[in-house]
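Here the structure comes first, spelled out in structure tokens, and everything after it is commentary.
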Amino acid sequence: MLSLNKIHHIAIICSDYEKSKKFYTEVLGFKIIKEVYRKERDSYKLDLALQNYYCIELFSFPNPPKRMSRPESTGLRHIAFAVENIEKEREKLVQLGITVEQIRVDEFTQKKFTFFEDPDALPIELYEE
């Protein structure tokens, strides 16, 4: 068995780099650690941190294939972020014109959660702590 310590990062490929960069920094509040353009790949790599914790690499590649979100398919299902007040955070997204599901309650933990999508339809969950 491996001796894993923690999840290091999540890599996300986007179809519109500037749109996704704006979404992850201005809507979700990630801070840019480093941005690199790789000319030989015609690709950007953006390292993002949340609460000073490096956790997302946002990549752009020319003409990436679409991600299957619906129907749900094998592979990464969604990413989830913990929040203190789900109603408040949901309302912020709605005010920004982002479609957000109604708040539901996890039948096992009794915690509130909801989903919305990034610009490429990657499901994102907010989960109340």
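The values are calculated or read from the model by the stated rules, or taken from the named source; none is laboratory data. In this text, all values refer to a predicted model and were calculated from it rather than measured experimentally. All Cβ positions, glycine included, derive from the backbone under ideal geometry; neighbour counts span all protein chains shown. Heavy atoms of the whole protein, side chains included, go into the accessibility calculation; ligands, DNA and RNA do not. Shrake-Rupley method; radii C 1.70, N 1.55, O 1.52, S 1.80 Å.
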Practice task
Please tell me the relative contact order of the chain in percent, rounded to the nearest whole number, where contacts are Cα pairs under 8 Å and at least six residues apart.
Solution key: 22 percent
Fill in the blank from the handout: Longest principal axis of the chain (C-alpha) makes with the long axis of helix 86-95 (C-alpha) an angle, in degrees to the nearest 10, of 60 degrees
Handout entry: Protein-only accessible surface order, largest first, of THR109, THR114, THR25 at 1.4 Å
Key = THR109, THR25, THR114
Completion exercise
Any lysines whose Cα falls less than 27 Å from that of LYS111, other than same-chain ones fewer than 8 residues away, would be LYS6, LYS88, LYS92
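Using +1 on the beta carbon of Lys and Arg, -1 on that of Asp and Glu, and nothing else charged, what's the dipole of the chain about the Cα centre, debye to 20? Provide the component values of the computation, followed by the final result.
Details: 20 positive and 22 negative charges, 82 e Å.
So the magnitude is around 400 debye.
Can you give me the Kirkwood hydrodynamic radius for the chain, using every pair of distinct Cα atoms, in Å to one decimal?
Working: mean 1/r = 0.0622 Å⁻¹.
Computed over the chain, the radius equals 16.1 Å.
Per DSSP helix of 4 or more residues, -39500 (n - 2.57); summed, then divided by the residues of the chain. What does that give at 222 nm, rounded to the nearest 500? Don't skip to the end; give the middle numbers.
Values: 2 runs with 16 residues, N = 129.
Result for the chain, helices only: -3500 deg cm²/dmol.
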Completion exercise
Inverse of <1/r> over all distinct C-alpha pairs of the range 1-61, i.e. the Kirkwood Rh in Å, gives 12.3 Å
